[in-house]
Amino acid sequence: MEFPADRKYTNEHEWAALEGQNRVRVGITDYAQDALGDVVYVDLPEEGTAVNAGQPFGEVESTKSVSDIFSPVTGRVIDRNAALSETPELVNRDPYGDGWMVLVETDGPAQLDALMDADGYRRMVEASSEG
């Protein structure tokens with residue numbers, strides 16, 4: 001299980017990576033894709049869509065279930081990973097790379113301060129696995 005230190009994490013198993021001053025790339029974590037199983041469909045918002053921290057902005061459908069994707073930050077979608085419409089399994093193969101979901105323009109990086117760092121997220125995952 002991977003927990004890259006250059007990202008922030010949510011309780012709902014999304015990651016956020018700062019790219020430039022006001023841009024945050026968002027995806028689901030390695031733990032989330034593993035729990036979902038084989039991803040067969042990803043529903044993402046169109047560019048220009050407003051997203052709010054802690055609120056769902058899309059869905060991931062797997063052979064096991066359908067799960068909401070929650071935004072880690074508030075802002076506006078400025079790019080979406082169009083490759084996922086043809087190749088949703090990228091989420092399973094490379095959740096922190098080619099399997100990214102959206103790029104959000106925010107009012108600044110301070111929103112990321114409310115999220116967990118890699119160590120905090122790892123502890124949360126390990127605690128939930130023990131339960």
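The values are calculated or read from the model by the stated rules, or taken from the named source; none is laboratory data. Treat the numbers as computed from the prediction; the structure is a model and nothing was measured. Backbone-built Cβ (ideal geometry, glycine too); neighbour counts: all protein chains shown. Side chains included, ligands, DNA and RNA excluded: accessible areas come from the protein's heavy atoms. Shrake-Rupley method; radii C 1.70, N 1.55, O 1.52, S 1.80 Å.
Could you derive backbone 3J(HN,Hα) for the stretch 88-95 from the dihedral phi with the Karplus parameters 6.51, -1.76 and 1.60 (θ = phi - 60°), listing whole Hz in sequence and x where the residue is Gly or Pro?
Those phi angles translate into x, 5, 4, 4, 6, 6, 8, x Hz.
From the helices alone, meaning DSSP H stretches of at least four residues, give me the mean residue ellipticity at 222 nm for the chain, per-run term -39500 (n - 2.57), in deg cm²/dmol to the nearest 500. All intermediate terms of the calculation are to be shown ahead of the outcome.
Numbers: 4 runs with 28 residues, N = 131.
Helix-only estimate at 222 nm: -5500 deg cm²/dmol.
Per residue, how many Å² of accessible area does the stretch 4-128 show with a 1.4 Å probe?
Values: 6040 Å² over 125 residues.
With the other protein chains kept in place, the stretch 4-128 gives 48 Å² per residue.
How much net charge surrounds Q21 when only the other residues with a Cβ under 12 Å from the Cβ of Q21 are counted, with Lys and Arg +1 and Asp and Glu -1? Mind dumping the intermediate values first?
Details: positive: R23; negative: E19, E105, D107.
Every neighbour counted, the sum reads -2.
Which ³J(HN,Hα) values, rounded to whole Hz and listed in residue order, are derived for the stretch 111-117 from phi using the Karplus coefficients 6.51, -1.76 and 1.60 in 6.51 cos²θ - 1.76 cosθ + 1.60 with θ = phi - 60°, glycine and proline given as x?
After applying 6.51 cos²θ - 1.76 cosθ + 1.60, I find 4, 5, 4, 7, 8, 7, 7 Hz.
For the stretch 74-131, what class follows from the C-alpha gyration tensor (a ≥ b ≥ c being the square roots of its eigenvalues): rounded when a/c is under 1.5, otherwise prolate if a/b is larger than b/c, else oblate?
On the way: a/c = 3.25, a/b = 1.18, b/c = 2.75.
Since a/c reaches 1.5 but b/c is at least a/b, the shape of the stretch 74-131 is classed as oblate.
Using alpha-carbon pairs under 8 Å, 6+ residues apart, how would you state the relative contact order of the chain in percent?
Relative contact order here is 31 percent.
May I ask you to give the percent of accessible area on the stretch 1-47 that is carbon plus sulfur, with a probe radius of 1.4 Å? If you can, show how the numbers build up before the last one.
Working: 900 of 2320 Å².
Its accessible area is 39 percent carbon and sulfur atoms.
Contour minus end-to-end for R123 and A110, with contour as 0.36 nm per residue of separation and end-to-end as the Cα-Cα distance?
Values: separation 13, 0.36 × 13 = 4.68 nm, distance 2.29 nm.
Here the answer is 2.4 nm.
Heavy atoms only, probe 1.4 Å: what % of the accessible area of the stretch 55-131 goes to carbon and sulfur, would you let me know? List each step's numbers first, then the result.
On the way: 1740 of 3960 Å².
Here carbon and sulfur together make up 44 percent of the probe-accessible area.
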